[in-house]
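What follows is a set of notes on a single structure, which appears directly below.
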Amino acid sequence: MLILAREEVVAALLGLMVEVSGFQPKFAGQGESAEDAIRDSNFLAVLIDCDHPEFNDGLIDMIRGAGVRPILFSPFRMHTEVSRLAKRYGTDSFTLPAEPDVLSRILGG
């Protein structure tokens, strides 16, 4: 699972949660764009921070076009706001902190 977070510490903590859920976390390389990271690998899902600088309609379309499921998250926004955004894109979402069982259910989706 590719993790695209605005802050490195959030990406690292989410990576641990993904690993505990039984999945392999991946991150964009230094200086690598989100689109390049998605294009260069095969992922089950992309976890994308709603506040990531590259988050937009085009990126969501590109993720879907690659046959990958986008999952929205936020460590800062309210759950209702992230849920509304996810509904707009027709995908799942969560906010941090997230309960491990909730995250596992969403990731296994």
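The values are calculated or read from the model by the stated rules, or taken from the named source; none is laboratory data. Worth saying up front: this structure is predicted, and the values here are computed from it rather than measured. All Cβ positions, glycine included, derive from the backbone under ideal geometry; neighbour counts span all protein chains shown.
General remarks:
- All positions within the range 56-76 that are among the aromatic types (Phe, Trp, Tyr) and under 10 Å from the mean Cα position of the chain (by Cα): 73
- Among the candidates 34, 28, the residue that is farther than 19 Å from residue 87 by Cα, touching a Leu at 6+ places or on another chain (Cβ under 6 Å) and among the hydrophobic types (A, V, I, L, M, F, W, C) is uniquely 34.
- Residue satisfying all of: in the range 8-51; over 12 Å from the mean Cα position of the chain (by Cα) and β-branched (Val, Ile, Thr); nearest to residue 103 (Cα to Cα) among these: 20
- Considering the range 75-100, and only residues there that are modelled with pLDDT under 95 and among the hydrophobic types (A, V, I, L, M, F, W, C), the residue that is surrounded by the fewest Cβ atoms within 10 Å (Cβ to Cβ) turns out to be 76.
- Whenever a residue of the range 90-109 is at positive phi, it has no partner that is surrounded by fewer than 19 Cβ atoms within 10 Å (Cβ to Cβ) and in a helix (DSSP H, G or I) lying with C-beta atoms less than 7 angstrom away and at least six residues away or across chains.
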